[in-house]
1. Exactly one condition in (1) within 9 Å of another protein chain (Cβ to nearest Cβ); (2) assigned to a loop (DSSP other than H, G, I, E, B); (3) buried (at least 19 other Cβ atoms within 10 Å of the Cβ) is not met by B:E42; state its number.
2. Taking the stated definitions as given, is A:E41 in a loop (DSSP other than H, G, I, E, B) and either under 11 Å from the mean Cα position of the chain (by Cα) or within 14 Å of chain B (Cβ to nearest Cβ) (or both)?
3. Restricted to the range B:6-39, and to residues that are modelled with pLDDT of 90 or more and open to solvent by 60 Å² or more (accessible area, probe 1.4 Å), which residue is farthest from the other protein chains (Cβ to nearest Cβ)?
4. Hey, can you tell me all the residues within the range A:16-33 that are over 12 Å from A:L112 (Cβ atoms) and in contact with a Leu (Cβ under 9 Å, 6 or more places away or on another chain)?
5. Condition test on A:F65, is it open to solvent by less than 70 Å² (accessible area, probe 1.4 Å), in contact with a strand residue (DSSP E or B) (Cβ under 9 Å, 6 or more places away or on another chain) and within 14 Å of chain B (Cβ to nearest Cβ)?
6. State whether the residues of the range B:90-106 include one that is open to solvent by less than 50 Å² (accessible area, probe 1.4 Å), within 20 Å of B:N2 (Cα to Cα), away from every other protein chain (no Cβ under 11 Å) and not small (G, A, S).
7. B:S79 - would you say it is part of a loop (DSSP other than H, G, I, E, B), within 14 Å of chain A (Cβ to nearest Cβ), open to solvent by 10 Å² or more (accessible area, probe 1.4 Å) and more than 17 Å from B:Q38 (Cα to Cα)?
8. For residues that are touching a Pro at 6+ places or on another chain (Cβ under 9 Å) and in a strand (DSSP E or B), scanning just the range A:1-19, find the one that is nearest to A:G97 (Cα to Cα).
Amino acid sequence: NAGVMQNPRHLVRRRGQEARLRCSPMKGHSHVYWYRQLPEEGLKFMVYLQKENIIDESGMPKERFSAEFPKEGPSILRIQQVVRGDSAAYFCASSTGTGTYNEQFFGPGTRLTVL
Amino acid sequence: GNSVTQMEGPVTLSEEAFLTINCTYTATGYPSLFWYVQYPGEGLQLLLKATKADDKGSNKGFEATYRKETTSFHLEKGSVQVSDSAVYFCALSGSGTASKLTFGTGTRLQVTL
(Lines give C-alpha, C1' and ligand atoms only; values in the text may rest on other atoms or scores of the structure.)
Protein backbone atom coordinates (compact mmCIF):
# COMPACT_ATOMS: atom_id res chain seq x y z
CA ASN A 1 0.00 0.00 0.00
CA ALA A 2 1.74 3.13 -1.21
CA GLY A 3 1.86 6.05 1.15
CA VAL A 4 0.67 9.58 0.53
CA MET A 5 2.20 10.90 -2.69
CA GLN A 6 2.96 14.53 -3.36
CA ASN A 7 4.38 16.14 -6.46
CA PRO A 8 6.37 17.93 -7.33
CA ARG A 9 8.79 17.61 -4.43
CA HIS A 10 10.39 20.93 -5.26
CA LEU A 11 8.79 23.80 -7.15
CA VAL A 12 10.34 27.11 -8.09
CA ARG A 13 8.17 29.98 -9.24
CA ARG A 14 8.71 33.66 -9.93
CA ARG A 15 6.55 36.26 -8.28
CA GLY A 16 3.18 36.52 -10.00
CA GLN A 17 3.16 32.98 -11.38
CA GLU A 18 0.82 30.20 -10.37
CA ALA A 19 1.78 27.17 -8.29
CA ARG A 20 -0.11 23.86 -8.41
CA LEU A 21 0.64 21.25 -5.77
CA ARG A 22 -0.73 17.73 -6.05
CA CYS A 23 -1.54 15.16 -3.42
CA SER A 24 -2.64 11.55 -3.89
CA PRO A 25 -3.95 10.09 -0.63
CA MET A 26 -3.32 6.60 0.58
CA LYS A 27 -5.52 3.93 -0.91
CA GLY A 28 -8.84 3.80 0.87
CA HIS A 29 -8.48 7.29 2.34
CA SER A 30 -11.14 9.81 1.41
CA HIS A 31 -10.06 12.69 3.65
CA VAL A 32 -7.24 15.06 2.72
CA TYR A 33 -5.64 17.84 4.75
CA TRP A 34 -3.19 20.50 3.64
CA TYR A 35 -0.69 22.09 6.02
CA ARG A 36 1.94 24.77 5.50
CA GLN A 37 5.29 24.86 7.25
CA LEU A 38 7.15 28.12 7.17
CA PRO A 39 10.92 28.01 7.81
CA GLU A 40 11.74 27.10 11.41
CA GLU A 41 8.06 26.90 12.35
CA GLY A 42 5.51 24.21 13.03
CA LEU A 43 2.83 23.10 10.64
CA LYS A 44 -0.28 25.23 10.27
CA PHE A 45 -3.56 23.78 9.09
CA MET A 46 -4.88 25.20 5.85
CA VAL A 47 -7.80 23.16 4.54
CA TYR A 48 -9.61 19.86 4.98
CA LEU A 49 -11.40 18.17 2.09
CA GLN A 50 -13.37 15.08 1.35
CA LYS A 51 -14.10 13.93 -2.16
CA GLU A 52 -15.66 16.88 -4.02
CA ASN A 53 -16.26 18.84 -0.81
CA ILE A 54 -14.36 21.39 1.27
CA ILE A 55 -15.12 20.64 4.90
CA ASP A 56 -12.97 23.21 6.70
CA GLU A 57 -10.97 25.99 5.08
CA SER A 58 -10.50 28.08 8.20
CA GLY A 59 -6.71 28.15 7.77
CA MET A 60 -6.68 29.10 4.13
CA PRO A 61 -5.73 32.66 3.16
CA LYS A 62 -8.76 34.41 1.76
CA GLU A 63 -7.12 35.43 -1.49
CA ARG A 64 -5.04 33.62 -4.10
CA PHE A 65 -5.32 30.18 -2.47
CA SER A 66 -7.77 27.47 -3.46
CA ALA A 67 -8.04 23.71 -3.03
CA GLU A 68 -10.01 20.91 -4.59
CA PHE A 69 -10.36 17.17 -4.29
CA PRO A 70 -12.25 15.92 -7.34
CA LYS A 71 -14.07 12.64 -7.61
CA GLU A 72 -11.25 11.30 -9.76
CA GLY A 73 -7.63 12.25 -9.39
CA PRO A 74 -5.45 13.90 -6.79
CA SER A 75 -6.19 16.82 -4.51
CA ILE A 76 -4.80 20.10 -5.83
CA LEU A 77 -3.66 23.12 -3.84
CA ARG A 78 -3.47 26.13 -6.13
CA ILE A 79 -1.72 29.37 -5.36
CA GLN A 80 -2.25 32.19 -7.80
CA GLN A 81 0.08 35.17 -8.24
CA VAL A 82 2.64 33.81 -5.80
CA VAL A 83 4.62 36.16 -3.56
CA ARG A 84 7.88 35.57 -1.68
CA GLY A 85 5.98 34.98 1.54
CA ASP A 86 4.40 31.88 0.00
CA SER A 87 7.80 30.15 0.08
CA ALA A 88 7.29 27.21 2.43
CA ALA A 89 6.91 23.47 2.61
CA TYR A 90 3.37 22.31 1.91
CA PHE A 91 2.37 18.99 3.36
CA CYS A 92 -0.61 16.87 2.54
CA ALA A 93 -2.03 14.26 4.89
CA SER A 94 -4.79 11.73 4.44
CA SER A 95 -7.01 9.70 6.70
CA THR A 96 -9.95 7.35 6.55
CA GLY A 97 -12.06 9.80 8.54
CA THR A 98 -13.41 7.04 10.74
CA GLY A 99 -12.56 5.63 14.13
CA THR A 100 -12.27 7.16 17.56
CA TYR A 101 -9.26 9.31 16.77
CA ASN A 102 -7.86 11.02 13.76
CA GLU A 103 -4.66 9.39 12.52
CA GLN A 104 -3.31 11.30 9.59
CA PHE A 105 -0.57 10.00 7.32
CA PHE A 106 1.69 12.61 5.82
CA GLY A 107 3.29 12.90 2.43
CA PRO A 108 6.90 14.01 1.89
CA GLY A 109 5.87 17.58 1.13
CA THR A 110 6.34 20.06 -1.70
CA ARG A 111 8.94 22.73 -1.09
CA LEU A 112 7.89 25.89 -2.88
CA THR A 113 10.44 28.60 -3.53
CA VAL A 114 9.29 31.94 -4.90
CA LEU A 115 12.01 34.01 -6.52
CA GLY B 1 -9.24 27.62 20.39
CA ASN B 2 -6.84 24.72 20.58
CA SER B 3 -3.13 25.32 21.07
CA VAL B 4 0.04 23.38 21.77
CA THR B 5 3.16 24.70 23.49
CA GLN B 6 6.40 22.77 23.44
CA MET B 7 9.84 23.55 24.71
CA GLU B 8 12.10 25.42 22.38
CA GLY B 9 15.17 23.83 20.96
CA PRO B 10 17.60 22.97 19.92
CA VAL B 11 18.22 20.24 22.44
CA THR B 12 21.71 18.78 22.26
CA LEU B 13 22.44 15.51 24.03
CA SER B 14 25.18 12.94 24.09
CA GLU B 15 24.35 9.44 22.94
CA GLU B 16 22.70 7.34 25.68
CA ALA B 17 21.50 10.41 27.58
CA PHE B 18 17.93 10.74 28.88
CA LEU B 19 15.56 12.82 26.80
CA THR B 20 12.56 14.89 27.87
CA ILE B 21 10.72 17.25 25.55
CA ASN B 22 7.92 19.11 27.30
CA CYS B 23 4.53 19.63 25.70
CA THR B 24 1.43 21.26 27.16
CA TYR B 25 -1.87 21.91 25.47
CA THR B 26 -5.08 23.89 25.63
CA ALA B 27 -8.20 22.33 24.20
CA THR B 28 -11.90 21.97 24.73
CA GLY B 29 -13.37 18.56 25.22
CA TYR B 30 -11.24 15.45 25.03
CA PRO B 31 -8.52 15.76 22.40
CA SER B 32 -6.26 13.03 21.12
CA LEU B 33 -2.54 13.74 21.49
CA PHE B 34 0.32 12.87 19.18
CA TRP B 35 4.05 13.10 18.75
CA TYR B 36 5.35 13.32 15.20
CA VAL B 37 8.98 13.17 14.08
CA GLN B 38 10.44 14.88 11.03
CA TYR B 39 13.81 13.84 9.66
CA PRO B 40 15.71 16.28 7.44
CA GLY B 41 14.04 16.79 4.08
CA GLU B 42 11.19 14.44 4.85
CA GLY B 43 7.55 14.58 5.86
CA LEU B 44 6.19 13.87 9.30
CA GLN B 45 5.94 10.38 10.71
CA LEU B 46 3.64 9.49 13.57
CA LEU B 47 5.81 8.45 16.52
CA LEU B 48 3.16 7.73 19.14
CA LYS B 49 -0.33 8.67 20.23
CA ALA B 50 -2.73 8.67 23.18
CA THR B 51 -6.45 9.08 22.89
CA LYS B 52 -7.63 9.47 26.48
CA ALA B 53 -6.44 10.58 29.89
CA ASP B 54 -3.75 8.42 31.52
CA ASP B 55 -3.06 6.56 28.28
CA LYS B 56 0.63 5.99 27.61
CA GLY B 57 1.79 6.00 24.01
CA SER B 58 5.06 4.25 23.22
CA ASN B 59 7.15 3.40 20.20
CA LYS B 60 10.86 2.80 19.46
CA GLY B 61 11.78 3.46 23.10
CA PHE B 62 9.89 6.76 23.23
CA GLU B 63 7.02 7.24 25.68
CA ALA B 64 4.49 9.93 26.53
CA THR B 65 1.61 9.90 29.01
CA TYR B 66 -1.61 11.86 28.52
CA ARG B 67 -1.99 13.92 31.73
CA LYS B 68 -5.33 15.67 31.80
CA GLU B 69 -4.77 17.25 35.22
CA THR B 70 -1.65 19.06 34.02
CA THR B 71 -2.69 19.22 30.33
CA SER B 72 0.65 17.75 29.36
CA PHE B 73 2.07 15.10 27.03
CA HIS B 74 5.82 15.12 27.61
CA LEU B 75 8.01 12.97 25.37
CA GLU B 76 10.70 10.84 27.04
CA LYS B 77 13.34 8.34 26.02
CA GLY B 78 15.74 6.65 28.37
CA SER B 79 18.74 6.43 26.06
CA VAL B 80 18.93 8.44 22.85
CA GLN B 81 20.89 7.46 19.77
CA VAL B 82 22.48 9.55 17.03
CA SER B 83 19.76 8.29 14.69
CA ASP B 84 17.13 10.02 16.88
CA SER B 85 18.37 13.41 15.68
CA ALA B 86 15.32 15.06 14.14
CA VAL B 87 12.60 17.61 14.82
CA TYR B 88 9.81 16.46 17.13
CA PHE B 89 6.32 17.92 16.98
CA CYS B 90 3.63 17.63 19.60
CA ALA B 91 0.10 17.83 18.19
CA LEU B 92 -3.52 17.46 19.16
CA SER B 93 -6.68 16.56 17.37
CA GLY B 94 -9.98 17.90 18.64
CA SER B 95 -12.83 15.80 19.88
CA GLY B 96 -14.58 13.75 17.27
CA THR B 97 -13.32 12.08 14.17
CA ALA B 98 -11.47 13.46 11.20
CA SER B 99 -10.60 16.86 12.63
CA LYS B 100 -7.56 18.96 11.91
CA LEU B 101 -4.28 18.71 13.80
CA THR B 102 -2.90 21.59 15.81
CA PHE B 103 0.89 21.49 16.09
CA GLY B 104 3.48 22.91 18.42
CA THR B 105 6.40 24.75 16.89
CA GLY B 106 8.69 21.72 17.02
CA THR B 107 11.81 20.89 19.00
CA ARG B 108 15.03 20.08 17.21
CA LEU B 109 17.04 17.28 18.83
CA GLN B 110 20.71 16.82 18.05
CA VAL B 111 22.41 13.74 19.46
CA THR B 112 26.20 13.57 19.37
CA LEU B 113 28.65 10.74 19.95
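The values are calculated or read from the model by the stated rules, or taken from the named source; none is laboratory data. All values derive from a computational prediction rather than experimental measurement. Quick reminder, even Gly has a Cβ in these numbers, built from the backbone with ideal geometry, and neighbours come from all protein chains shown. Only protein heavy atoms, including side chains, enter the accessible area calculation; ligands, DNA and RNA are left aside. Shrake-Rupley method; radii C 1.70, N 1.55, O 1.52, S 1.80 Å.
1. (3)
2. Numbers: in a loop (DSSP other than H, G, I, E, B): yes; either under 11 Å from the mean Cα position of the chain (by Cα) or within 14 Å of chain B (Cβ to nearest Cβ) (or both): yes.
Spelling it out, A:E41 is indeed in a loop (DSSP other than H, G, I, E, B) and either under 11 Å from the mean Cα position of the chain (by Cα) or within 14 Å of chain B (Cβ to nearest Cβ) (or both).
3. B:E16
4. First, pick out the residues of the range A:16-33 that are over 12 Å from A:L112 (Cβ atoms): A:16, A:22-33.
Selection gives A:R22, A:C23, A:H31, A:V32, A:Y33.
5. Working: open to solvent by less than 70 Å² (accessible area, probe 1.4 Å): yes; in contact with a strand residue (DSSP E or B) (Cβ under 9 Å, 6 or more places away or on another chain): yes; within 14 Å of chain B (Cβ to nearest Cβ): no.
So A:F65 does not fit the description; no.
6. So the first thing to find is which residues in the range B:90-106 are open to solvent by less than 50 Å² (accessible area, probe 1.4 Å), and the list is B:90-94, B:96, B:98-99, B:101-104, B:106.
Now narrow it down to the ones that are within 20 Å of B:N2 (Cα to Cα): B:90-94, B:96, B:98-99, B:101-104, B:106.
Restricting the remaining residues to those that are away from every other protein chain (no Cβ under 11 Å) gives none.
Scanning the range B:90-106 turns up no residue that is open to solvent by less than 50 Å² (accessible area, probe 1.4 Å), within 20 Å of B:N2 (Cα to Cα), away from every other protein chain (no Cβ under 11 Å) and not small (G, A, S).
7. Values: part of a loop (DSSP other than H, G, I, E, B): yes; within 14 Å of chain A (Cβ to nearest Cβ): no; open to solvent by 10 Å² or more (accessible area, probe 1.4 Å): yes; more than 17 Å from B:Q38 (Cα to Cα): yes.
Spelling it out, it is not the case that B:S79 is part of a loop (DSSP other than H, G, I, E, B), within 14 Å of chain A (Cβ to nearest Cβ), open to solvent by 10 Å² or more (accessible area, probe 1.4 Å) and more than 17 Å from B:Q38 (Cα to Cα).
8. We begin by selecting, within the range A:1-19, every residue touching a Pro at 6+ places or on another chain (Cβ under 9 Å); these are A:3-7, A:9.
Checking the rest, the ones that are also in a strand (DSSP E or B) come to A:5-7.
On the way: A:M5: 18, A:Q6: 20, A:N7: 23 Å.
Top of the filtered list is A:M5.
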